[in-house]
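Written below as structure tokens is the structure these notes are about.
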Amino acid sequence: MKKIILLFITILYLNATIYYGEGSGNSYAEAKRKALEDVASQISVVIDSKIEETQSAENNKYKKNFKVHSIQKTKVNLEDYEIVEKIKKDNQFFVKIKYDNIPSLDKFASKTPYTKEQIKNGIKKDFAKSLGLELVRKNRKWYIKYKNILQKLDKKDFYFFFKTTNRKDLKISLYNKRRNILHNGDEFSFLIKSAKSGYITIFDVYEDGTVSILAKNLKIDKKRKLIFPDEDSDSVLEASLLQNQKETFDMYVVLFTKKKRNFDEFISAYDDVVDEELYKNFDELINLIYNKTYATIKVIIRPR
């Protein structure tokens, strides 16, 4: 009798502590790069182990053989570091950096009156506007701001801003779908319900913070369902990936207004230049909808 057991183990060592790295070179740029590499080598080593355990019965006794294959990789993206020392001596440059290896919201919370949980709950409630926090786009990066405190967000913490929020007076869902999950190439529609008569505008927020308008000033009657696009519409919505074979997500925002409004600061979803930096204005959308009637839905898009 023989039994083979395959175990795949991925171990990620991430220590929530402060690291220092040192580097030297013929320029400050080279010295800094080596200092960053020094920190990276200390922080994160991924061990992918494949353990084959072979058990065999020989003379009524079990014999175990183990084969272990290990690959180590440095897997760190260092950005929020601090240069604590720069020296030039004998045409050589020396740099020492400091890196606090904790998530961006933890760093931000330590500088504000709020805990991380209060911040996350505030984001879930109203994008943290009621806490006096702001999402800010600067130098092609996303930051969270409180008064004069500015903290760059890592991707994981930035993604907290993408959520599903339905309200009593306005709701949005995928039409004829049980889950908020689509696959690349799927056609889909939205089902929208409003407690008031007026107009709705639907925004699409990509995972990189780009905002576009799917539909503007659609008339809606209170307590009646609106399907967009419906069978008679010229528009067709199709789920798509930002990168080939990589799962992504969009957040759709439906905004209710009593009268028609212009939204010239946001580009149409059908425009070819929608991915330009100019239209990564998620922060402007949050400011626009604050204290207004809106609902959101986060939709995951997977490869086929």
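A short reminder: the numbers here are calculations on the coordinates, not readings from a lab. These figures come from a predicted structure and were not determined experimentally. Positions of Cβ are generated from backbone atoms using ideal geometry, with glycine treated the same way; all protein chains shown enter the neighbour counts.
GluC sites (Glu not before Pro), restricted to region 264-304: which are DSSP loop and have at most 15 other Cβ atoms within 10 Å? Can you show the working numbers first?
On the way: sites: E265, E276, E277, E284; in loops: E265, E276.
Counting only loop positions with at most 15 other Cβ atoms within 10 Å, the GluC sites (Glu not before Pro) in region 264-304 are E265, E276.
Find how much the distance from D275 to N184 grows on full extension, using 0.36 nm per residue of separation minus their present alpha carbon separation; answer in nm with one decimal. If you can, show how the numbers build up before the last one.
Working: separation 91, 0.36 × 91 = 32.76 nm, distance 1.84 nm.
Fully extending the segment from D275 to N184 adds 30.9 nm.
Can you tell me the FRET efficiency between N291 and T17 if r is taken as the Cβ-Cβ distance and R0 is 41 Å, rounded to the nearest 0.05?
Values: r = 41 Å, r/R0 = 1.00.
About 0.50, to the nearest 0.05.
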- [ ] Would you kindly state how much longer the chain becomes between K222 and E85 on full extension, computed as 0.36 nm times their sequence separation minus their alpha carbon distance, in nm to one decimal?
- [x] 43.0 nm
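Grab the beta carbon distance between S24 and E231, set R0 = 45 Å, and tell me the FRET efficiency rounded to 0.05.
Between S24 and E231 the formula returns 0.10.
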Open item on the list: Just to be sure I understand the model, the point goes 7 Å from the Cα along the line to the Cβ. What's the resulting Q245 to I300 distance in nm?
Closed with: 2.0
